Amino acid sequence: MKPVENAHLIEIRDLRKIYALGEEPVAALDGVSLSIDAGEFVAIMGASGSGKSTLLNILGCLDTPTSGSYLLDGIEVARRSRAELARIRNQKLGFVFQNFNLLARTSAIENVELPDFYLGRLGHSARRKRAKELLERVGLGGRGTHTPAQLSGGQQQRVAIARALMNEPPVLFADEPTGNLDTKSSVEIMNLFTELSGEGITIVMVTHEDDIAAYAKRHLLMRDGHLIKDDKAGRIGQM
Amino acid sequence: MNLFMIFKVAMRAIWRNKTRSALTMLGIIFGISAVIVVLAIGKGASANMVAEISKMGDNVVMIFSEQRHAAAGVHGGAGEGQSLTASDGLAIRRELAHLVKAESPEVRTQMQVVFQDKNWNTSIYGCSTEFPTIRNWKISEGDFFSEQEEKQCARICVLGQTVANNIFPNQDPVGQTIRIGNMPFKVKGLMETKGVGGMGQDQDDAVLAPYTTVRRVLQASTFPDNVRQLKLSLYSMDQIEEAKEEIGALLRQRHRLGETADDDFRIIDMAEISSTLSGVSNTMTVLLAAVAAISLLVGGIGIMNIMLVSVTERIREIGLRMAIGATPVNILAQFILESIMLSTVGGVIGIVLGIAGARSLGDVLGWPILIETASTVIAFLFSAFVGMFFGFYPAWRASRLNPIDCLRYE
């Protein structure tokens, strides 16, 4: 047998996800194979029901596939317990959601610190220091004590990005990160993603907007549970 | 994630819904304060009872005559037998002097006591000169009757305070002559106030006279030496078993009982009486505590209800925490701790309220109150247990949630 090749950060083979809805089983993912290298900025596109969210959930270790293999950083994660998946998400993955999902009535800095509460890598003061640096990094240096209600949508999403970076994960997953934002804020967020990508962080983003997808370097198009297009040249069109 | 962090998160969650948290705690607050009050009253009552019983006398042992079981004929009740005599008492006093500090027969008759235009119906106790020692009852005015007067069947008596107050409202009774039944008696002394006895009777409503006089003169008995009861006071309660054995042997010998015959007397000590009475009060305490425990159960169900609501309300928070790395155990711990904090904060408030309530009940109603540290600690631990028990199911439900469903929940 050939040794497992570790060149790819993410490598999935023949991934299937079957939902048993009613009498007919529905395949949300029907044999998807794909590999993503470290440092790539990937946009997953497709109509609703195409399976793009299911793919992102499985890539993000929030869901497990019915069959197939998923190597993350050389480790098989397709069949792991809930607790093991939680630890993988905590250490290797960062999440940015459409509706920000910040803890209400909790200061920005404490929201950013949250991933390390579960990891416990840093002490109290080191954690606070890193959270402050991350807030400065996303351009919210002076807003650490603000609660989500006191921040605009764009600012909230930047807090969420800072939180996703807290445990220095190699991969960032973004699910429609600009879906709830105005054009100006959307541009700011996408510029931030481009900067992070330039620093070597792998970003996998789901979107249905072409102009947002245009920031990514690679585009995947899903339809009916199949990956129908993988455009590494970064061109969009005829989708 | 360390415990302090979980603690902080739980504290914040409780603080955010102040009104709801307070209302949820209310069940536990009432339950715990009810437990504290009930235990304080129960323990106070039994401690008081024990104290009252020991007030009845000093290391007291009572001997009753008991009718031997004849095959036929009328059976009398306790103390109705004819076997016990004052001479038995004197023999015990003489031969067991190393154990027995004081000895007195006790005979009692209910009679009218008259002085001039006042009269009063009371108990006349026939006893020996050592009776005040046994009962721990001192003379306050005049003197107790002497051994000489006891031997002579002198018509001499000593009054309890209640009797004196009723027939000598404005006058010193010592030296006066009263009538008991139709016999004149000289009042030689006045006993000090003894108060309410362990059974609720007025111990001062009594006249004391030599048992010889009571038996011969007042009761005009054909067998004046027979007595209903002998009372002894021992030097120490530690010797009670030895004393009972020796008294029994002596009485059996004096009564010429064969080896197979039953005792014609019964020996009872105060420890037996107090354990019977505190048993009654313990049963009451257990019953009341059970009622209080039911109210705690209801409080616990209230906590479970609110925790289930809280889990549903914060489902997106749960989803987010799971997405960024909270394990099911982390979520379980968070919600259980929140529930434990709700119940223990309620428990502490309940303990404070309960202690205050028990104290003021004691002040207002004059009930004896005893708040034991042990029952307070148990109440606190119980409140923590209620939180853990009723918080487990909601927390377990939260920990089983699927992060994707939580994040999508609208």
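From the list B:275, B:221, which residue is among the hydroxyl-bearing types (Ser, Thr, Tyr) and in a helix (DSSP H, G or I)?
B:275
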Exercise. Would it be correct to say that residue A:19 is free of Cβ contacts under 8 Å to residues at least 24 places away in the same chain, assigned to a strand (DSSP E or B) and not basic (Lys, Arg)?
Worked result: yes
For this session: Could you tell me whether residue B:340 is among the hydrophobic types (A, V, I, L, M, F, W, C), within 14 Å of chain A (Cβ to nearest Cβ) and assigned to a helix (DSSP H, G or I)?
Result: no
For this session: Tell me, yes or no, whether region A:88-109 has at least one residue that is surrounded by 19 or more Cβ atoms within 10 Å (Cβ to Cβ), within 23 Å of residue A:19 (Cα to Cα) and within 13 Å of chain B (Cβ to nearest Cβ).
Result: no
For this session: Kindly establish whether residue B:295 is away from chain A (no Cβ under 14 Å) and surrounded by 15 or more Cβ atoms within 10 Å (Cβ to Cβ).
Result: yes
Exercise. Out of all the residues in region B:355-368, is one or more among the small types (Gly, Ala, Ser), surrounded by fewer than 18 Cβ atoms within 10 Å (Cβ to Cβ) and part of a loop (DSSP other than H, G, I, E, B)?
Worked result: yes
Problem set entry | Residue under evaluation residue A:118, criteria (1) without any contact (Cβ under 8 Å) to a residue 24 or more places away in the chain; (2) part of a helix (DSSP H, G or I), criterion not met | (1)
For this session: Return yes when residue B:222 is more than 32 Å from the chain's Cα centre (by Cα), of a type in the set (Ser, Thr, Tyr) and at pLDDT 90 or above and no when it is not.
Result: no
For this session: Looking for whichever is within 30 Å of residue B:349 (Cα to Cα) and touching a residue at least 40 places away in the same chain (Cβ under 8 Å) here; the options are B:326, B:292. Which one fits?
Result: B:292
Exercise. Regarding residue A:131, is this residue more than 14 Å from chain B (Cβ to nearest Cβ), of a type outside the set (Ser, Thr, Tyr) and either part of a helix (DSSP H, G or I) or over 19 Å from residue A:197 (Cβ atoms) (or both)?
Worked result: no
Seminar exercise, completed: Here the residues within region A:110-128 that are among the small types (Gly, Ala, Ser) and within 8 Å of chain B (Cβ to nearest Cβ) are A:120
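Yes/no per residue for (1) among the basic types (Lys, Arg); (2) at pLDDT 95 or above:
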position	(1), (2)
A:160	no, yes
A:163	yes, yes
A:170	no, no
A:204	no, yes
A:224	no, no
A:232	yes, no
A:236	no, no
A:239	no, no
Exercise. Restricting to helices (runs of 4 or more DSSP H) lying wholly in region A:140-228: which have 1 or more residues that are surrounded by fewer than 19 Cβ atoms within 10 Å (Cβ to Cβ) and β-branched (Val, Ile, Thr)?
Worked result: A:183-198
Exercise. Of the numbered conditions (1) under 30 Å from residue B:8 (Cα atoms); (2) at the interface with another protein chain (Cβ under 10 Å from one of its Cβ atoms); (3) not hydrophobic (A, V, I, L, M, F, W, C), residue A:57 satisfies every one except a single condition; which is it?
Worked result: (1)
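To keep it simple, each residue is scored yes or no on (1) surrounded by 15 or more Cβ atoms within 10 Å (Cβ to Cβ); (2) in contact with a strand residue (DSSP E or B) (Cβ under 7 Å, 6 or more places away or on another chain); (3) without any contact (Cβ under 8 Å) to a residue 40 or more places away in the chain.
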| site | (1), (2), (3) |
| --- | --- |
| A:9 | yes, yes, no |
| A:12 | yes, yes, no |
| A:23 | no, no, yes |
| A:31 | no, yes, no |
| A:34 | yes, yes, no |
| A:46 | yes, yes, no |
| A:56 | yes, yes, no |
| A:62 | yes, no, yes |
| A:71 | yes, yes, no |
Exercise. Does region A:76-100 hold any residues that are under 21 Å from residue B:332 (Cβ atoms) and part of a loop (DSSP other than H, G, I, E, B), and which are they?
Worked result: A:80, A:81
For this session: Can you run down the residue pairs with Cβ atoms below 9 Å, 6 or more apart or on separate chains, where the first is in region B:12-25 and away from chain A (no Cβ under 14 Å) and more than 15 Å from residue B:308 (Cα to Cα) and the partner is surrounded by fewer than 14 Cβ atoms within 10 Å (Cβ to Cβ) and among the β-branched types (Val, Ile, Thr)?
Result: none
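Pull up region B:162-206, narrow it to residues that are in a helix (DSSP H, G or I) and touching an Asp or Glu at 6+ places or on another chain (Cβ under 7 Å), then point me to the one that is surrounded by the fewest Cβ atoms within 10 Å (Cβ to Cβ).
B:162
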For this session: Output yes when any residue across region B:307-319 is within 14 Å of chain A (Cβ to nearest Cβ), without any contact (Cβ under 8 Å) to a residue 12 or more places away in the chain, part of a helix (DSSP H, G or I) and not hydroxyl-bearing (Ser, Thr, Tyr), and no when none is.
Result: yes
For this session: Working carefully through the options A:76, A:84, find the one that is exposed (fewer than 15 other Cβ atoms within 10 Å of the Cβ), more than 27 Å from residue A:208 (Cβ to Cβ) and either within 14 Å of chain B (Cβ to nearest Cβ) or of a type in the set (Ser, Thr, Tyr) (or both).
Result: A:84
Exercise. Out of region A:123-151, which residues are over 21 Å from residue A:92 (Cα atoms) and either of a type in the set (Asp, Glu) or touching a Ser or Thr at 6+ places or on another chain (Cβ under 7 Å) (or both)?
Worked result: A:136, A:144, A:145, A:146, A:147
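Based on this model, can you work out whether residue A:84 counts as of a type in the set (Asp, Glu), at pLDDT 90 or above and farther than 23 Å from residue B:405 by Cβ?
Numbers: of a type in the set (Asp, Glu): yes; at pLDDT 90 or above: yes; farther than 23 Å from residue B:405 by Cβ: no.
Here the answer is no, as residue A:84 does not meet what is asked.
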Problem set entry | Boolean, residue B:136 is closer than 18 Å to residue B:213 by Cβ, at pLDDT below 90, of a type in the set (S, T, N, Q) and out of contact with any Leu (no Cβ under 9 Å at 6 or more places or on another chain) | no
For this session: Could you identify the single residue in A:220, A:181 that is in contact (Cβ under 8 Å) with a residue 12 or more places away in the chain and under 30 Å from residue A:116 (Cα atoms)?
Result: A:181
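Let's see how each residue does on (1) modelled with pLDDT under 85; (2) assigned by TED's automatic domain parsing to the domain that holds residue B:125; (3) outside any loop (DSSP other than H, G, I, E, B):
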residue: B:246; (1), (2), (3): no, no, yes
residue: B:253; (1), (2), (3): no, no, yes
residue: B:258; (1), (2), (3): yes, no, no
residue: B:281; (1), (2), (3): yes, no, yes
residue: B:284; (1), (2), (3): yes, no, yes
residue: B:289; (1), (2), (3): yes, no, yes
residue: B:293; (1), (2), (3): yes, no, yes
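The values are calculated or read from the model by the stated rules, or taken from the named source; none is laboratory data. Just so you know, these numbers come straight off a predicted model, no measurement behind them. Please note: Cβ atoms are built from the backbone with ideal geometry, for glycine as well, and neighbour counts cover all protein chains shown.
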